[in-house]
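In what follows, a single structure is set out as structure tokens and then discussed.
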Amino acid sequence: MPVYLRSLRLLKENMKQGEAAEYPFHIDSIQSLEELTFESSVTFFVGENGSGKSTLLEAIAYQCGFHTAGGSRNNFYNVYASESILGPYIRLSWLPKITRGFFLRAETFYNFSSHIDDIGARGAYGNKSLHAQSHGESFWSLFKNRFTKKGIYLLDEPEAALSPTRQLSFLRLIDDMVKEGESQFIIATHSPIILGYPNAQIFNFDTKPISKIAYEETIHYIITKKFLENRDGILAEILAK
């Protein structure tokens, strides 16, 4: 099972005076970050909104040379505020280093889709504009057509446009690529389905510092399980006037 990206380290020594108190360095998970070690072909980042998981994933994409609004090393297009502030302050350790891969950022996928139309690259996506497909279909078209070769794949909330059934299909796609021994995935997600991928490494961004956590200990699993087991009771409690 491949683990190309072995670790990352925050270069605190490169920070300018006062910078540690500014965004994104003041986020608890980033402020306390020293080094993360990747031990599995599939790694998940979990945590509440604003916990820093997407920020760190974007910084990894920056160091990989991927477009930080979404894409690979070969995608060039302008998106407002797509630069990574954290990117220059982390160092990645590889064995071996690879340059092939993709960064999916759900919130700017519209811009990536427009870029594909602009450069006339629809052929790589089934000869159909991603804008001419539903949100879920366009995500799935990306996965089927671009997630096919050896590389590192960085995904920020891939579940955003996927139904539960598609999320299960997505797990099969990941598994096929991992078992072929050629792909590494780092995924920021809120989905308890996607998080269930076996033998994955899960980093919890709600602790200071970032810590490893078991699937059954994630808040995503706990809340979903409690809700499914006692829907009426939970709804009665949270909807009570």
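The values are calculated or read from the model by the stated rules, or taken from the named source; none is laboratory data. Given the structure is predicted, the values throughout are model-derived calculations rather than measurements. Note that we place each Cβ from the backbone using ideal geometry, even for glycine, and neighbour counts take in every protein chain shown. Areas reflect the complete protein model, heavy atoms only, side chains present, ligands, DNA and RNA absent. Shrake-Rupley method; radii C 1.70, N 1.55, O 1.52, S 1.80 Å.
Condition first: open to solvent by 80 Å² or more (accessible area, probe 1.4 Å) and either basic (Lys, Arg) or in contact with a helix residue (DSSP H, G or I) (Cβ under 9 Å, 6 or more places away or on another chain) (or both). Now tell me which residues in the stretch 199-222 satisfy that. Spell out how you get there, then give the answer.
Initially, the stretch 199-222 is screened for residues open to solvent by 80 Å² or more (accessible area, probe 1.4 Å), giving 199, 206, 208, 212, 216-217, 219.
206, 208, 212, 216, listed by residue number.
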* To do: Name the strands (runs of 3 or more DSSP E) wholly inside the stretch 3-47 in which the number of residues that are in contact (Cβ under 8 Å) with a residue 12 or more places away in the chain and open to solvent by 20 Å² or more (accessible area, probe 1.4 Å) is 2 or more.
  => 5-10, 35-37
* Looking only at the stretch 189-198, which residues are crowded, with 20+ Cβ neighbours inside 10 Å and either without any contact (Cβ under 8 Å) to a residue 24 or more places away in the chain or of a type in the set (Phe, Trp, Tyr) (or both)? -> 197
* Asked: Name the residues in the stretch 147-166 that are open to solvent by 20 Å² or more (accessible area, probe 1.4 Å) and either aromatic (Phe, Trp, Tyr) or within 18 Å of residue 43 (Cβ to Cβ) (or both), would you?
  -> 150, 157, 159
* Enumerate the pairs (first residue in the stretch 167-185 and farther than 19 Å from residue 39 by Cα; second residue anywhere and among the aromatic types (Phe, Trp, Tyr) and in a helix (DSSP H, G or I)) with beta-carbon separation below 9 Å, excluding pairs fewer than 6 apart on the same chain, so at least 6 apart or on different chains. => 169/140; 169/143; 170/139; 170/140; 170/143; 173/143
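Take the stretch 116-158 and flag every residue that is β-branched (Val, Ile, Thr) and at pLDDT 70 or above. Lay out the reasoning, then the answer.
So the first thing to find is which residues in the stretch 116-158 are β-branched (Val, Ile, Thr), and the list is 116, 119, 148, 152.
148, 152 - these are the residues of the stretch 116-158 that are β-branched (Val, Ile, Thr) and at pLDDT 70 or above.
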